[in-house]
Structure formats: structure tokens, C-alpha cells
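To keep things clear, I will list the structure first and then write my remarks on it.
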Amino acid sequence: MLGRRLELTGARADGSEFPIEIVVWATRDNHEWAFHAFIHDITERRRAEEALRQAYAAEQATVARLKELDAAKDAFIATISHELRTPLTTVSGYLDLLGEGEVEPAQHSRMLQAMTRNTARLQNLVEDLLVRAIGALVSNAVKYSPIDTSITVHAAAAGDQVTIAVTDHGVGIAAEELERVFERFYRTAYAYDNAIQGVGLGLWLVKTIAEVHGGTVTAISTPGQGSTFTLRLSVGGR
């Protein structure tokens, strides 16, 4: 054990134990050996190492969770694309046939019924997606607002455009972060510092839904005063 760094357990006068690092070496003088030891209390180092291990484990868990969510997002987008494409293909195909004028009169009724069913299916899907988008905006407002403050949802129609605005009086968003809030997995410093639940997909999903329907979503905010997220959709785009 001479010259080696050993981690052992030391004992204080009161009987409590603590981790130590010890190095022992020997010297010889006038044919006599003398042994020396350097003992160092490594309690703080052990604590730091444990903190690093826990942080690494938490980071790995977060990475795994983000991968799961990313896969779930891809599956969601793929499902929505399929659900939209299937009825659209049916309606488009029947319209082409009807436009060519080569359909027997007996088939008109069956085709019209199929197109009606698929149009209703598309309408229900679009409405469901819009409800999700509005729900995500309201949920986001709730997360970043004190309990005793109000959240306002305002809807208006002008021409062929519908506007839905969600306003809160919460913590607000700094200007340098506002332009990134719709990025996938982006979370503000406030969200991290206060351990706000979420992984940064809600607003990204709202943006995706809006763009799929030919719309937009924007945000304005003042730190300490609140934020307004505005969803704009074209009625004709539905």
C-alpha cells in the first residue's frame, strides 16, 4: 500500500465516520525506517461526485424521455397526415370521375354519399386539431400565470379569417426568448428555473397545426405583465 492513494473510512472523536484519502510512504535514516501518512477529508469531493452522478442520471432520463416524445410526435404527425390524406383522396377521386362525365347516373348517389361522409370526417378532424391547438395555448397560459389572475380567450371573424387570442397576466417572456418559443423542445429560462412541467412541444404543436391549415400563430409579451398568443386561420383554408 506504500505510495498508493487509498480511500478509507475515518472516525472522529465522537465516533462518527467520514470518507478519507490516505497516502503512506516510508523513509530510512541511519538504518531506521520511518513511516509517514497524509490523510485528507474527502467528504465534499464525495458529495460533488454523487451530485454529478445524479445530474448525469437525470440528464440521461431527460434524453430518453425526449426521444420518446419525439417518436410520439412523429407518430402523431404521420397519423394526422394519413387521416387527412385518406378522405381527401376519396373526395378528389370521385370529383375527377364526376368531372369527366363518365359515371353512370346510378353511381352518382353512392359517390355523393361517400364524399359527404369523408367531408364530415375531415371537418371533425380539423375541429379536433383546432381544439387541441386552443387547449395548448390555454394550458400554457395557466402554467405561467399566478392563481389569482385572469386568462382571456377572444375570438373574432373578419372576412375569410378567424382570429383566436389567448391573453394571460403572468410572468411574461423576455424579448430574446420570445422569438424561439415556437421551436421544438425550446423552454424558457423561467421554465427551467421554476421546474415548470413540460418539454417544449406544446407551442411547437400549435404552430404545426396552424401551418397545416394555412394559418399562423404569433406571440407578444412583456416580462412581468403577461403574454398574448394569437392563432389566425383562413376560413377558406378549412
- Query: over 16 Å from V206 (Cα atoms) and aliphatic (A, V, I, L, M), is that true of V171?
  - Reply: yes
- Item | Which listed residue is small (G, A, S), touching a strand residue (DSSP E or B) at 6+ places or on another chain (Cβ under 6 Å), open to solvent by less than 40 Å² (accessible area, probe 1.4 Å) and in a helix (DSSP H, G or I), from A141, A114, A136 | A141
- Given the conditions (1) touching a strand residue (DSSP E or B) at 6+ places or on another chain (Cβ under 7 Å); (2) open to solvent by 50 Å² or more (accessible area, probe 1.4 Å), every one holds for R121 apart from (1)
- Message: Of all residues being more than 19 Å from S145 (Cβ to Cβ) and outside any loop (DSSP other than H, G, I, E, B) in segment 172-196, which is least open to solvent (accessible area, probe 1.4 Å)? Just the residue, please.
- Response: A175
- List, please: which pairs have Cβ atoms under 7 Å, are six or more places apart or on different chains, and start with a residue in segment 45-72 that is at pLDDT below 80 and end with one that is open to solvent by 50 Å² or more (accessible area, probe 1.4 Å)? L66/F185
- Pairs, first over 18 Å from E7 (Cα atoms) in segment 21-42, second open to solvent by 100 Å² or more (accessible area, probe 1.4 Å) and modelled with pLDDT under 90, C-beta under 6 Å, six or more apart: A26/W33; A26/F35
- Test result for V199, touching a Leu at 6+ places or on another chain (Cβ under 6 Å), surrounded by fewer than 19 Cβ atoms within 10 Å (Cβ to Cβ) and in a loop (DSSP other than H, G, I, E, B): yes
- Message: So for segment 209-231 (the condition being open to solvent by less than 60 Å² (accessible area, probe 1.4 Å), within 28 Å of D74 (Cα to Cα), β-branched (V, I, T) and modelled with pLDDT under 90), does at least one residue qualify?
- Response: yes
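The values are calculated or read from the model by the stated rules, or taken from the named source; none is laboratory data. Nothing here was measured: the structure is a model prediction, and the numbers come from that model. With ideal geometry, Cβ positions are generated from the backbone for all residues, glycine too; neighbour counts draw on all protein chains shown. We work out accessible area using only protein heavy atoms, side chains counted, and drop any ligands, DNA or RNA first. Shrake-Rupley method; radii C 1.70, N 1.55, O 1.52, S 1.80 Å.
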